[in-house]
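One structure below.
Rule-based calculations on the coordinates, nothing more; no lab input. Small disclaimer: the values here were computed from a predicted structure and weren't measured. Here the Cβ is made from the backbone with ideal geometry for all residues, glycine too, and neighbour counts use every protein chain on show.
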């Protein structure tokens with residue numbers, strides 16, 4: 001039970017680490033699960049143990065051992081390289097956006113106009129002391145933007161549909 005508690009906590013319910021990079025063309029962000037390196041070592045150790053058992057079974061029983069244990073042997077070989085994976089994603093600034101400041105979650109949500117055509121960033125988390133600086137930089141980079149302060153993520157839908165403004169241009173942006 002104790003071992004399964006650690007497996008569930010560190011492999012299935014692990015925390016994520018987000019890194020954001022704001023550029024003139026958009027936001028590049030990476031997501032990585034925060035799992036201790038010891039968990040990866042333990043899994044690689046079990047994988048090598050599975051490989052050793054598979055080879056031992058082949059030497060004792062012969063090639064017929066792979067009929068029943070073939071999937072275990074293949075999985076063990078695959079898991080010997082078990083390591084943390086970075087996932088990357090991008091949000092490109094193409095046209096007009098609304099930047100929502102979600103006060104309850106300390107996050108920005110960037111919704112494109114029209115919503116269905118371009119990518120949108122649903123959560124851009126920040127530390128409270130960095131909020132004003134990030135807001136300033138976002139509104140400088142996104143030329144055609146609106147800024148709204150909301151309390152809960154569900155309040156975003158009160159401002160939908162997100163259609164382009166015909167009269168919004170670069171001269172009166174960031175209003």
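Which peptide among 144-152, 17-25 comes first, and what is the full order, when sorted by highest mean count of other Cβ atoms within 10 Å?
Going by the mean number of other Cβ atoms within 10 Å, highest first, we get 144-152, 17-25.
To the nearest 0.05, what FRET efficiency results for residue 67 and residue 15 with a Förster distance of 45 Å applied to their C-beta separation?
0.60
Between residue 60 and residue 40, how many nm apart are label points set 7 Å from Cα along the C-beta direction?
That separation, rounded to one decimal, is 3.3 nm.
log10 I(q)/I(0), Debye, Cα-only the range 1-101, no solvent, q = 0.18, 0.25 Å⁻¹?
Cα-only, vacuum Debye calculation for the range 1-101: -0.93, -1.22.
7 Å from Cα along Cα→Cβ at both residue 157 and residue 139: what's the point-to-point distance in nm?
If labels sit at residue 157 and residue 139, their model points lie 2.8 nm apart.
Normalising by the residue count of the range 10-62, find the relative contact order in percent from Cα pairs under 8 Å and 6+ residues apart.
Details: 33 pairs, mean separation 14.9, N = 53.
Worked out over the range 10-62, it gives 28 percent.
For residue 23 paired with residue 84, estimate the spin-label separation in nm (one decimal), with each label point 7 Å from Cα along the Cα-to-Cβ line.
Modelled inter-label distance: 2.3 nm.
Expressed in nm to one decimal, what extension gain is obtained for the pair residue 48 and residue 123 from 0.36 nm per residue of sequence separation less their Cα-Cα distance?
Using 0.36 nm per residue and subtracting the Cα-Cα distance, I get 23.1 nm.
Report the gain in length on full extension from residue 92 to residue 150: 0.36 nm times residue separation, minus Cα-Cα distance, nm rounded to one decimal.
18.5 nm
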